[in-house]
Amino acid sequence: MARRRKGRKIDGILLLDKPAGISSNHALQRAKRLFQAQKAGHTGNLDGPATGLLPLCFGEATKMSSFLLNSDKSYLSDVKLGINTTTLDATGEVVKTRPVPKFSEVDLEAVLEKFRGTITQVPPMYSALKHDGERLYKLAQQGKVVERKERIQEIYRLSANNISTDGFTVDVDCSKGTYIRTLAEDIGEILGCGAHVQSLRRTGVGCFALNEAYTFEVLDKLSEDYEQLDELLLPVDAGLTDLPIVNLSEDVAFYFLNGQSVMVPSAPTVGMVRVYEESIRFIGLAEALGDGRIAPKRLIATEN
């Protein structure tokens, strides 16, 4: 029996431009094999047909993945009017067709305005959410429909371009968990003809942008050249730029890294902070306790 390779201990974040046709987990496992990484995780599912930005975390960066999961997202999506599908995208079966009424850019703008700001969405049946322990998409594949609770989402920016008689492209900045497929269908309903997503591309996750991402074509060319592959990785703390910084001396950092709350008179009094030793080494995340102390929440064991 062949001995299983242990893998390399690497820490950092890879910005991947996920291709269409593979799941986020498939993309993760492929990248993990290319880097021969011991530990890896992705930062939120991107549907198989969708493309675009998928941050992957290696090693100690996996401890930060929940913060990227909860980050705001940006998308570009081609919307096809007049056709509703089972999955709300082009992979599903057509369930209804309707003529597309004539509309102007002014008409479309008036509809988009209804979706800017705080909105509610009913998650689609074809989604990874669970109902009584089972994924909704599995229930949908069995022809079952269950009640889903509305969710509150934020649409920070919403615009349309490439407008034609039967479709357009939407450019969206939104809160995490927003379903662009649902957004497209809801816009279509207000226009009176229904709609579905023809294509979806994620262009932003938190502070990361798609133009910083690498394709598998680039990664494959560097296969087994681990030095060059590692140069593509961002630091563990790269996705935390919105959090305030707290610097600790070497002595105080020792107690912090041993799980103890430490006194930092200049620290914020509320919320999460990112913590550095001697302004150089990122050593973890902490919660401000309001009395001058910070309590460790995620400790990072990386080299200097």
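Observations, loosely collected:
- Restricting the first member to the range 88-112 and to residues that are closer than 13 Å to Phe168 by Cα, and the second to residues that are assigned to a loop (DSSP other than H, G, I, E, B), the beta-carbon pairs closer than 7 Å and six or more apart or on different chains are Val100/Gly82; Val100/Thr165; Val100/Asp166; Val100/Cys193.
- Residue match in the range 28-40 (condition: touching a Ser or Thr at 6+ places or on another chain (Cβ under 8 Å), surrounded by fewer than 22 Cβ atoms within 10 Å (Cβ to Cβ), in a loop (DSSP other than H, G, I, E, B) and without any contact (Cβ under 8 Å) to a residue 40 or more places away in the chain): yes
- Figure legend. Inter-residue proximity from the range 199-227: first residues in contact (Cβ under 8 Å) with a residue 12 or more places away in the chain and within 26 Å of Tyr179 (Cβ to Cβ), second residues buried (at least 16 other Cβ atoms within 10 Å of the Cβ) and among the polar types (S, T, N, Q), beta-carbon distance below 6 Å, spacing 6+ or different chains. Indicated pairs: Leu200/Ser77; Arg201/Thr51; Thr203/Ser74; Gly204/Ser74; Val205/Ser71; Gly206/Ser71; Leu210/Thr203.
- Residue match in the range 48-67 (condition: touching a strand residue (DSSP E or B) at 6+ places or on another chain (Cβ under 8 Å), within 18 Å of Phe216 (Cα to Cα) and in a loop (DSSP other than H, G, I, E, B)): yes
- Subset of the range 210-234 (residues that are in a loop (DSSP other than H, G, I, E, B) and of a type in the set (Asp, Glu)): Glu224, Asp225, Glu231
- Entry remark, the range 262-304: residues being within 20 Å of Met64 (Cα to Cα) and surrounded by fewer than 19 Cβ atoms within 10 Å (Cβ to Cβ) number 16 in total.
- Asp17 vs. criteria in a loop (DSSP other than H, G, I, E, B) and surrounded by 18 or more Cβ atoms within 10 Å (Cβ to Cβ): no
Quick note: the coordinates plus some simple rules give every number you see, no bench work behind them. Computed from a predicted model, the values in this text were never measured in an experiment. Methodologically, a virtual Cβ is constructed for each residue, glycine included, from the backbone with ideal geometry; neighbour enumeration extends over all protein chains shown.
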